[in-house]
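Notes to accompany the following structure.
All of the numbers you see were taken from the coordinates with simple rules; none came from a lab. Since we're looking at a predicted model, the values are computed, not measured. In this analysis, Cβ positions are derived from the backbone assuming ideal geometry, glycine residues included, and neighbour counts consider all displayed protein chains.
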Amino acid sequence: MTKNCIICKKDNNLKFIDNYKFEVESDLDFFGNLKIYECKDCKIYFANPLPEPEKLNSFYSDIYRAPGRPHNHEYNMGEENLEDDRFLNYLSYLTTFIDFNKINNIFDFGAGIGDLGYLIKKNFQHINLHCCENDKFSLEILKRRGYQNYSSLEKINKKFDLIISLHTIEHLTSLDPVFELKTKLVSGGYFFFEVPNCPFDKSFINRPYDSPHIIFFTKESWHNISKLLELNLVDLTYASYSLDEAFKAMSESKDRFKYWKKDRLTFRDKLRKIIPPFILKLRRKIIQFNKKKNFNRSKNFINNNENSWCIRGILKNEN
Ligand SMILES: [Zn+2]
């Protein structure tokens with residue numbers, strides 16, 4: 001158990017908030033028995049003790065996207081994702097603050113299949129896309145979409161006009177990679193992020209689970225982080241559907257995946273082995289359709305409302 005904040009590194013300012021909650025119970029083998037603490041100075045929350053790096057690495061390479069789990073590619077929304085209102089909302093937000101005619105190189109931190117960068121490039125074709133992704137499934141799509149991939153952050157030898165990071169920073173065990181990325185911004189460059197909104201002092205205390213997130217943010221956290229990063233806050237706001245809706249979806253997901261165990265085939269997995277692939281593909285389309293219908297439509301967006309599930313912001317390097 002650390003006594004030091006993972007951001008400001010000061011000790012004796014930590015306050016116990018709650019026990020860590022898992023979506024998939026067997027993940028405890030990788031994460032350990034965690035608690036959540038707040039740094040009262042940074043207004044940031046994090047899992048404590050931090051999971052061991054080797055265990056966390058093997059979790060993301062062998063477990064996170066394993067068959068029968070929430071982040072298996074079968075449940076992802078596929079390459080049509082960027083037609084969702086959610087992505088159009090990102091695009092209209094970003095173009096409000098950033099002149100993309102002056103943006104030449106974008107780095108996508110935690111790219112996944114790189115939806116947002118690809119959508120931006122569709123609208124501003126002069127832009128070059130870069131990423132650092134090691135998931136094999138995602139890499140194939142990223143290459144097809146014109147991303148240049150780096151094997152590690154240290155291997156990057158150029159600077160970017162815009163760094164984007166959607167739902168990645170909450171998975172880190174420290175903000176060191178974000179500080180490293182900051183050094184790769186050109187003067188006048190932007191950093192756009194979105195992370196979950198986690199007001200533990202309000203309704204977030206009733207969340208169904210935490211896993212596999214490690215760091216939990218509020219708007220206040222980002223006021224402090226931008227100061228530490230020495231970046232100017234261009235905009236900081238709430239976005240996405242409500243926490244109540246997020247909790248409902250999380251509860252349903254937890255009911256479904258709670259008892260997943262590695263190498264144990266569920267009834268669903270056994271069925272999958274005997275059903276012809278085209279039926280599975282059709283089923284996937286229906287799941288995606290319903291997911292889109294329920295979630296990523298603009299009617300569910302409540303931008304700039306503190307009861308939103310997400311925080312997003314744009315920081316600028318004025319140096
Ligand atoms: Zn702190």
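In what sequence, highest mean first, do 252-259, 183-190, 309-316 appear when ranked by Cβ atoms within 10 angstrom?
Working: 252-259: 14.2, 183-190: 16.5, 309-316: 22.2.
By packing density, highest mean first, the sequence is 309-316, 183-190, 252-259.
For the stretch 165-253, what size does the Cα cloud have along each of its three principal axes, sorted from largest down, in whole Å?
Extents along the principal axes: 45, 23, 20 Å.
If you filter the stretch 150-230 for GluC sites (Glu not before Pro), then keep DSSP loop positions with at most 12 other Cβ within 10 Å, what is left? Kindly include the intermediate steps, with their values, before the conclusion.
Values: sites: Glu154, Glu170, Glu180, Glu194, Glu220, Glu230; in loops: Glu230.
Answer in residue order: Glu230.
Along the positive direction of the dipole of the chain (beta-carbon charges: Lys, Arg +1; Asp, Glu -1; about the Cα centre), which of Ile214, Asn319, His126 reaches farthest?
Working it through, the farthest residue towards the positive pole turns out to be His126.
Taking the Cα centre as origin and putting +1 on Lys and Arg beta-carbons and -1 on Asp and Glu beta-carbons, what dipole magnitude results for the chain, to the nearest 20 debye? Don't skip to the end; give the middle numbers.
Details: 50 positive and 42 negative charges, 193 e Å.
The calculated dipole for the chain is roughly 920 debye.
Give me the percent of DSSP beta bridges within the chain that run antiparallel, rounded to the nearest 5. Before the final figure, lay out each step's value.
Working: 28 of 45 bridges.
The answer is about 60 percent antiparallel.
Largest first and in whole Å, give the semi-axes of the stretch 14-316's equivalent ellipsoid, each being the square root of 5 times a Cα gyration tensor eigenvalue.
Working: eigenvalues 165, 125, 78 Å².
Here the semi-axes work out to 29, 25, 20 Å.
Would you kindly state how much longer the chain becomes between Asp85 and Thr173 on full extension, computed as 0.36 nm times their sequence separation minus their alpha carbon distance, in nm to one decimal? Walk me through the intermediate numbers first.
On the way: separation 88, 0.36 × 88 = 31.68 nm, distance 3.09 nm.
Extra length from Asp85 to Thr173 when fully extended: 28.6 nm.
From the backbone phi of the stretch 118-131, what are the Karplus-calculated ³J(HN,Hα) couplings (6.51 cos²θ - 1.76 cosθ + 1.60, θ = phi - 60°) in whole Hz, Gly and Pro given as x?
Karplus-based 3J(HN,Hα) across the stretch 118-131 equals 4, 5, 4, 5, 4, 8, 10, 6, 6, 7, 9, 10, 9, 7 Hz.
Quick one: Karplus J couplings for the stretch 154-161, per residue in order, coefficients 6.51, -1.76, 1.60, θ = phi - 60°, nearest Hz, x for Gly and Pro?
Once θ is set to phi - 60°, the couplings for the stretch 154-161 become 5, 7, 7, 10, 9, 10, 10, 7 Hz.
Counting only helical runs of four or more DSSP H residues, what would the 222 nm mean residue ellipticity of the chain come to if each run contributes -39,500 (n - 2.57) and the total is spread over all its residues?
Values: 10 runs with 100 residues, N = 319.
Mean residue ellipticity, 222 nm, calculated: -9000 deg cm²/dmol.
In what sequence, highest mean first, do 1-9, 42-50 appear when ranked by Cβ atoms within 10 angstrom? Spell out each step's value before the answer.
Working: 1-9: 15.2, 42-50: 21.4.
Listed from highest to lowest mean packing, they are 42-50, 1-9.
Leaving out same-chain residues fewer than 8 places away, which lysines sit with a Cα under 22 Å from that of Lys270?
The qualifying lysines are Lys254, Lys258, Lys261, Lys262, Lys281, Lys285.
Among the lysines, which fall within straight-line cross-link reach of Lys155, defined as a Cα-Cα distance under 28 Å, with same-chain neighbours fewer than 8 residues apart omitted?
Lys9, Lys55, Lys102, Lys121, Lys122, Lys136, Lys143, Lys182, Lys184, Lys227, Lys316
Which ³J(HN,Hα) values in Hz, rounded to whole numbers, follow from the phi angles of the stretch 139-145 under the Karplus curve 6.51 cos²θ - 1.76 cosθ + 1.60, where θ = phi - 60° and Gly and Pro get x?
4, 4, 5, 4, 5, 4, 8
Which cross-chain or sequence-distant (5 or more) residues have an amide H under 5 Å from the amide H of Tyr241, H modelled 1.01 Å from N in plane?
Under 5 Å from the amide H of Tyr241: Ile302, Trp309.
Going 7 Å from the Cα of Tyr259 in the Cα-to-Cβ direction, what parts of the stretch 7-39 have a backbone nitrogen less than 18 Å from that spot?
Those under the cut-off are 22-28.
Give me the dipole magnitude in Debye, nearest 20, for the stretch 94-164 about the Cα centre, with unit charges on the beta carbon: positive for Lys and Arg, negative for Asp and Glu. Provide the component values of the computation, followed by the final result.
Working: 10 positive and 8 negative charges, 48 e Å.
Dipole magnitude for the stretch 94-164 comes out near 240 debye.
For the stretch 107-188, what value does the Rg/Rh ratio take when both radii are computed over Cα atoms and Rh is the Kirkwood radius, given to two decimals?
Looking at the stretch 107-188, the ratio lands at 0.94.
Full extension from Val186 to Asp29: what is 0.36 nm times the residue separation minus their Cα-Cα distance, to one decimal in nm?
Working: separation 157, 0.36 × 157 = 56.52 nm, distance 4.16 nm.
Extending this stretch completely gives an extra 52.4 nm.
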